[in-house]
Every structure is written in C-alpha cells, then in structure tokens.
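Quick notes on the structure that follows.
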Amino acid sequence: MRRMIFVFALAGCFLGPAAKCGRAQSHEYSELPPGAGRGEKQLVDGVAARIEDDILTESEVRELGAFQQLVEGQAKPRLELIRELAGQWIIRGEAATAKFSQPAAESVDAAYEQFVKQFPSPEEYQRRCAAAGLTEAGVRRMLREQLYLSSFIDYRFRPAAQVDDKQIETYYHEELAPQLKARGEPVPALDEVEDTIREVLVRRAINDRATKWLDEARAHLKIDIVSQGGGE
C-alpha cells in the first residue's frame with residue numbers, strides 16, 4: 001500500500017493547476033501571519049502557501065492529507081504536506097513545459113481498480129474513504145495526478161538510469177537472496193529474476209535522480225507558508 005504514494009515521495013501524488021515552474025534567487029519557507037496580503041476579493045478556498053507567482057490552496061493540503069490517511073492510516077504534518085505539494089508543483093511545471101500528455105482514461109481506470117484491490121474488501125475501502133473524507137472522484141483525481149507526475153519522472157530520467165550486470169549480481173547476492181532466506185522462501189536462480197532485478201534497480205536510479213533534481217529545484221524557490229487559518 002505504501003508504494004502507491006509517489007512523493008516524492010515523489011510522489012508520494014495529487015492536486016493543483018498546471019503551473020509555470022518559476023525560479024527565484026533564494027529559498028525560503030517563511031510563515032506569514034493570517035490574512036497577510038489580504039485583498040478586496042474574498043476567495044472561497046484558503047491559501048496555504050505562495051510559491052513563486054502561484055499559490056497552493058488549503059484544499060490541496062487537506063486532500064493530500066486525506067489521501068495519505070487512506071493509504072498510510074495517518075497524514076503527514078502540514079508543513080511536510082506543503083513541501084510535497086511544492087515538489088509536485090515543480091514536476092507539473094516541467095511536464096507542462098514539455099507538453100507531456102495526461103494519462104488516458106483507461107490508465108486511470110486500471111490504476112483505480114488496482115488501488116481498490118489493495119484493501120481487504122470493497123466495503124473496507126469505502127469505509128476508509130468515508131473516514132478520510134474522500135469520494136471516489138477525489139481518489140481518481142489523486143491517482144490521475146500520480147500517474148501523470150510519475151510518468152513524466154520516468155520519461156525524464158529513465159534514459160540515464162543505466163544498470164549493468166555487476167549491479168544486478170550484487171543486488172541478487174546482497175539484497176534479494178538474504179531477504180528471501182530470512183523469510184524462509186526459496187531463492188530462484190539469477191537468470192530467472194534478472195529482468196525483474198534490472199527494473200528494480202532502474203527505478204531506484206530514477207528515484208535517486210528525481211530526488212536530487214527536486215532538492216536542487218526547491219533550493220531556488222521562494223515559498224511563503226501562510227499560517228493555518230490565514231487566507232487571502
């Protein structure tokens with residue numbers, strides 16, 4: 001179940017309008033007092049953070065937290081949720097610049113069906129959705145965004161994620177085999193699991209590169225976090 005959250009925790013996966021990924025000269029996570037920058041217009045949704053020339057809304061924070069509660073049993077603290085949303089904002093902006101296509105409806109349907117199957121029963125899934133305050137439409141929206149962001153990360157970093165035979169053998173002998181033996185399970189021959197190991201290592205390399213890229217990108221963003229209960 002934990003693997004469903006892309007976070008980037010990549011994704012960890014998620015909400016927000018497509019945004020241009022701006023770059024500032026400094027990195028800030030400063031907290032503003034409630035009502036800072038209040039204008040004449042009253043917005044329905046509250047502002048959780050200002051990121052470059054865009055905003056992250058309280059509803060985005062709440063829905064990501066609700067999704068994490070559904071999957072993990074609890075949501076991360078608000079500041080961590082905002083950090084994850086900022087990471088998604090960065091990825092979404094890069095994907096929009098690259099004109100990366102949204103996932104097909106069939107892919108979203110398949111992801112939703114697979115997601116529901118991870119729960120003990122459809123009834124348990126519905127119960128936990130209700131407890132988290134999520135509708136089916138909300139879950140589908142989160143999964144669609146997850147597919148979009150994770151697919152773009154794969155598209156961007158897979159070409160450079162090369163794995164050689166020595167890395168595969170090392171993983172087999174030092175990670176896979178010991179794990180299976182510890183669980184009392186038979187260890188298959190290397191050639192039977194070589195392709196699977198290669199993909200595991202490729203995905204690990206993709207995640208490492210994506211995490212480094214996001215950390216570097218965040219270091220050039222200015223993010224002003226609004227105190228909870230504040231707004232525009």
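List of remarks:
- Considering the range 152-232, the qualifying helices (runs of 4 or more DSSP H), each wholly inside and each with 3 or more residues that are of a type outside the set (Ser, Thr, Tyr) and within 22 Å of Arg92 (Cβ to Cβ), run over 190-218.
- Among the candidates Leu201, Leu190, Leu180, Leu214, residue that is at pLDDT below 95 and either surrounded by 16 or more Cβ atoms within 10 Å (Cβ to Cβ) or of a type in the set (A, V, I, L, M, F, W, C) (or both): Leu214
- Checked against (1) closer than 24 Å to Arg218 by Cβ; (2) modelled with pLDDT of 95 or more; (3) within 15 Å of the chain's Cα centre (by Cα), Glu72 meets all criteria but (2).
- Looking across Leu201, Leu180, Leu190, Leu176, one residue alone is within 20 Å of the chain's Cα centre (by Cα) and of a type in the set (A, V, I, L, M, F, W, C). It is Leu201.
- Pair list, Cβ < 7 Å and 6+ apart or interchain, from the range 54-66 residues that are in contact (Cβ under 8 Å) with a residue 24 or more places away in the chain to residues that are basic (Lys, Arg): Val61/Arg78
- Qualifying residue in the range 167-188 (condition: of a type outside the set (Ser, Thr, Tyr) and touching a residue at least 24 places away in the same chain (Cβ under 8 Å)): yes
- Any hit, the range 117-140, residues being of a type in the set (D, E, K, R) and within 17 Å of the chain's Cα centre (by Cα): yes
- Among the residues of the range 165-172, none qualifies, meaning not one is in contact with a Pro (Cβ under 9 Å, 6 or more places away or on another chain) and not hydrophobic (A, V, I, L, M, F, W, C).
- Residue in the range 204-223 that is without any contact (Cβ under 8 Å) to a residue 40 or more places away in the chain and small (Gly, Ala, Ser) present: no
- Criterion applied to Ala95, Ala110, Ala86 was being assigned to a helix (DSSP H, G or I) and either exposed (fewer than 11 other Cβ atoms within 10 Å of the Cβ) or modelled with pLDDT under 95 (or both), and the one residue passing it is Ala86.
- Any hit, the range 22-43, residues being surrounded by fewer than 21 Cβ atoms within 10 Å (Cβ to Cβ), modelled with pLDDT of 50 or more and in a loop (DSSP other than H, G, I, E, B): no
The values are calculated or read from the model by the stated rules, or taken from the named source; none is laboratory data. For clarity, every value in this text was computed on a predicted model and none was experimentally measured. All Cβ positions, even for glycine, are placed from backbone atoms using ideal geometry, and neighbour counts span all protein chains on display.
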